[in-house]
Amino acid sequence: MSSVQDHIIVYVGAYGGKEDTDILVYAGNYHSSETFTGDIKVTVYDMNEEEVFTETYEQVTLAPGEKRKLDSTYTSQPMNTYQFQYEAQP
C-alpha cells in the first residue's frame, strides 16, 4: 500500500538565453484517488552546487491526477540540478 506522498512529483525546468534563465516549477499528484494538501519546498543549484533559488509553496492542494504550475521566475545564474521536499497536512 502506498500513500499519496509517494505520488507527488515536482519538475523544475530552466529555459533561457545567454543573459538570464526562466525557471518554471510544476507539481503533480499522480495518486489515483487521494488529494494532496501540504507544503512543497524547491531548491535549485548551479554547477558548483551553490543555491540559486529556494521557495516554499505553502498549503498546496492537488486533486488526484492534477498537475499545476506553481511558479515562474528567472535567474541570471545557470541552473544544474534541483531537489524538492514536501510535507503533507493531515
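Table for the structure above
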{"read-out": "Residue that is nearest to His31 (Cα to Cα) [pool: residues in the stretch 59-90 that are under 15 Å from the mean Cα position of the chain (by Cα) and free of Cβ contacts under 8 Å to residues at least 40 places away in the same chain]", "value": "Glu66"}
{"read-out": "Options Thr21, Thr37; residue that is within 19 Å of Tyr82 (Cα to Cα) and either touching a Pro at 6+ places or on another chain (Cβ under 6 Å) or surrounded by 12 or more Cβ atoms within 10 Å (Cβ to Cβ) (or both)", "value": "Thr21"}
{"read-out": "Residue under evaluation Ile9, criteria (1) modelled with pLDDT of 80 or more; (2) over 17 Å from Glu66 (Cα atoms); (3) of a type in the set (A, V, I, L, M, F, W, C), criterion not met", "value": "(2)"}
{"read-out": "One residue from Thr73, Thr81 being among the β-branched types (Val, Ile, Thr), over 15 Å from Val10 (Cα atoms) and either modelled with pLDDT of 80 or more or exposed (fewer than 13 other Cβ atoms within 10 Å of the Cβ) (or both)", "value": "Thr73"}
{"read-out": "Residues located in the stretch 44-70, provided they are hydroxyl-bearing (Ser, Thr, Tyr) and surrounded by 14 or more Cβ atoms within 10 Å (Cβ to Cβ)", "value": "Tyr45, Tyr57"}
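The values are calculated or read from the model by the stated rules, or taken from the named source; none is laboratory data. As the structure is a prediction and not an experimental result, all values here were calculated from the model. Methodologically, a virtual Cβ is constructed for each residue, glycine included, from the backbone with ideal geometry; neighbour enumeration extends over all protein chains shown.
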